[in-house]
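Working notes, structure below.
Rule-based calculations on the coordinates, nothing more; no lab input. The structure displayed is predicted, hence computed values, not measured ones. Note that each Cβ is placed from the backbone with ideal geometry, even for glycine, and that neighbours are counted across all protein chains shown.
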Amino acid sequence: MTEQLVEWKTSRYLVLSSNFIVPTIFLTYYKEYYYHSVLLFLTVVSSINFWKDVRNGLRRDIDLVLSKISFFLYLYNGYLYLNGIGSLICWPNLYMIIYCFYMSSIMYKQKNEIWLYYHFLFHILVGGQGFIITCYLP
């Protein structure tokens, strides 16, 4: 078995923050975007499954693949459908999402405990971004 990369006392906060996408799952289901609902549900489940016991392996790979697919699907939908106040919120928020993810990776590699806060904020921003973009879907 591979070595545990992050202890539970730390990763439990990322299990919690992974759930910030759940409101978007309900909204996509309500708006009858069932493909989005299923994809986001699988993304949240894989994220929680990864963060509950952080190790390299298949669970991590599944989380990375599903999160990237979800990210690019919502980036595409945002590009197509955002306008007005949604654009004013989401495009700067996209910058913050990318920044938080980048800083989380850098801080983790440097063994700086601040990585956790960047990644927690990343989950919150992604959850909000997905919700706003879903509101603008036709």
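Structure notes:
- Pairs of Lys residues in the chain, spaced 8 or more positions apart or belonging to different chains, with C-alpha separations under 25 angstrom: 9 in total.
- Highest-MSF residue in the chain out of TYR30, TYR74, TYR13 [GNM, Cα springs under 10 Å]: TYR30
- Amide H contacts under 5 Å for VAL54, placed H, 5+ residues apart: LEU5, VAL6
- If R0 equals 22 Å, the separation of the Cβ atoms of LYS52 and SER105 corresponds to a calculated FRET efficiency of about 0.60.
- Net charge over other residues, Cβ less than 14 angstrom from the Cβ of PHE122 (K, R count +1; D, E count -1): 0
- Cα gyration tensor shape of region 8-136, rounded if a/c is under 1.5, else prolate or oblate by comparing a/b with b/c: oblate
- Size of electric dipole in the chain: Cβ of Lys, Arg +1 and of Asp, Glu -1, about Cα centre, debye, nearest 20: 140 debye
- Of PHE20, ASN77, GLN129, farthest towards positive along the dipole that unit charges on Lys, Arg, Asp, Glu beta carbons give the chain: PHE20
- Legend: helices of the chain (whole DSSP H runs) are marked when their alpha-carbon atoms reach 24 angstrom or more along the helix axis and their mean Kyte-Doolittle hydropathy is at least 0.0; marked are 34-51, 58-81, 85-109, 115-136.
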